[in-house]
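S.K.: The structure under discussion is supplied below as structure tokens; questions concerning it will follow.
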Amino acid sequence: MTRWATFDCYGTLIDWNGGIRAELARLWPDEDAEALLRRYHELEPEIEHAEPSLRYREVMRRVLAQLGDVPPGEEDALGKSLPGWRPFREVPPALQELRDRGWRLALLSNTDRDFIEASKLQLGVEFDETVVASEIGSYKPARRHWEEFAARTNAEHVRHVHVAASVLHDVKPANELQLATVWINRLGEISDTRPTRELPDLEALPDTLDELVAP
């Protein structure tokens, strides 16, 4: 019987914070990059919620514009840099191990098709399905990603696990949908939302998913 693992991509598989922080530091070398990154995380979901039909490239442009005076010609700095953002070191082997164990893999991402395809090349692992915000007119934590995934795959609810680093965008709504969830808590955060399992990275994910859904 088919087992599905769905993933958020940025922050879970790809080093999203590292990619954004590097660009913010480059654009504003005299500013506190960590403070700018925190403000970025506050602004992005506000823009996504207000205008869910925006392409993610435009969301990033608008966040940059609100962070400060963007140097001329750098308005799309984040969009230009995103295809080069790298996976966390343990991610590609963990994903390949899941495929070797028979898991089908899917990405549910708040992004655009061109960005996610570039990131798939970085990950180097085949995905069986991909749902991106710009094609469905919706950003997580709205539920449209999961609804679209279910419609495309007919995945059995009890044999589907969602894996993500963001409680707000992923773990909480997936919990509300009564899916099994694995929170990849890379930053050691504390949350009142309880996932089915919590891991610091993907190293133990293959064994954890096999515990949640037996072959």
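S.K.: Taking the 0 to 90 degree range and rounding to the nearest ten, how far is the long axis of helix 113-123 tilted relative to the main principal axis of the chain, both from C-alpha atoms?
M.R.: 70 degrees
S.K.: Quick one: angle between helix 56-67 and the longest Cα principal axis of the chain, in degrees between 0 and 90, rounded to 10, please.
M.R.: Approximately 40 degrees, to the nearest 10.
S.K.: Of all DSSP beta bridges located in the chain, what percent are antiparallel, nearest 5?
M.R.: Restricted to the chain, the bridges split so that about 5 percent are antiparallel.
S.K.: Report the one residue of Val182, Gly124, Tyr139 whose Cα lies farthest in the direction of the positive end of the charge dipole of the range 115-215 (charges on C-beta: Lys and Arg +1, Asp and Glu -1; origin at the Cα centre).
M.R.: Tyr139
S.K.: Once the principal axes of the Cα atoms of the range 58-111 are found, what is the range along each, listed largest first in whole angstroms?
M.R.: Principal extents (Cα only, largest first): 49, 20, 15 Å.
S.K.: Measure off, as a whole percent, the carbon and sulfur share of the 1.4 Å-probe accessible area of the chain, all protein chains present.
M.R.: 47 percent
S.K.: Related question: Where in the range 178-215 does the amide nitrogen come within less than 20 Å of the point 7 Å from the Cα of Asp100, taken along Cα to Cβ?
M.R.: Under 20 Å, as judged by backbone N against the label point of Asp100, lie 201-215 of the range 178-215.
S.K.: In deg cm²/dmol, rounded to 500, what helix-only [θ] at 222 nm does the chain give when every DSSP H run of at least 4 residues adds -39500 (n - 2.57) and the total is split over its residues?
M.R.: -12500 deg cm²/dmol
S.K.: What is the ratio of the Cα radius of gyration of the range 113-195 to 2.2 N^0.38 Å, where N is its residue count, to two decimals?
M.R.: Ratio of Cα Rg to 2.2 N^0.38 Å: 1.14.
S.K.: Here's another thing I want to ask about it. Assign unit charges at the C-beta atoms only (+1 for Lys and Arg, -1 for Asp and Glu), then state the dipole size of the range 152-215 relative to its Cα centre in Debye, rounded to the nearest 20.
M.R.: Approximately 240 debye in magnitude.
S.K.: Taking the Cβ of Ala174 as the centre, find all other residues whose Cβ is under 11 Å away and add up their charges (Lys, Arg: +1; Asp, Glu: -1).
M.R.: 0
S.K.: Something else now. What does the C-alpha gyration tensor say about the overall shape of the range 152-215? Classify as rounded when a/c is under 1.5, otherwise prolate if a/b is larger than b/c, or oblate.
M.R.: oblate
S.K.: Once the Cβ-Cβ distance between Ala25 and Met1 is put in as r, and R0 is 35 Å, what FRET efficiency do you end up with, to the nearest 0.05?
M.R.: Efficiency at R0 = 35 Å is approximately 0.15.
S.K.: Give, rounded to the nearest 20 debye, the magnitude of the charge dipole that the chain has about its Cα centre when Lys and Arg contribute +1 at Cβ and Asp and Glu contribute -1 at Cβ.
M.R.: With Lys and Arg at +1 and Asp and Glu at -1, about 440 debye.
The values are calculated or read from the model by the stated rules, or taken from the named source; none is laboratory data. Just so we're clear, the structure is a prediction, and the values are computed from it rather than from any experiment. For neighbour counting, all protein chains shown are included, and Cβ atoms are generated from backbone atoms with ideal geometry for every residue, glycine included. Heads up: the accessible areas ignore ligands, DNA and RNA and are worked out on the full protein's heavy atoms, side chains in. Shrake-Rupley method; radii C 1.70, N 1.55, O 1.52, S 1.80 Å.
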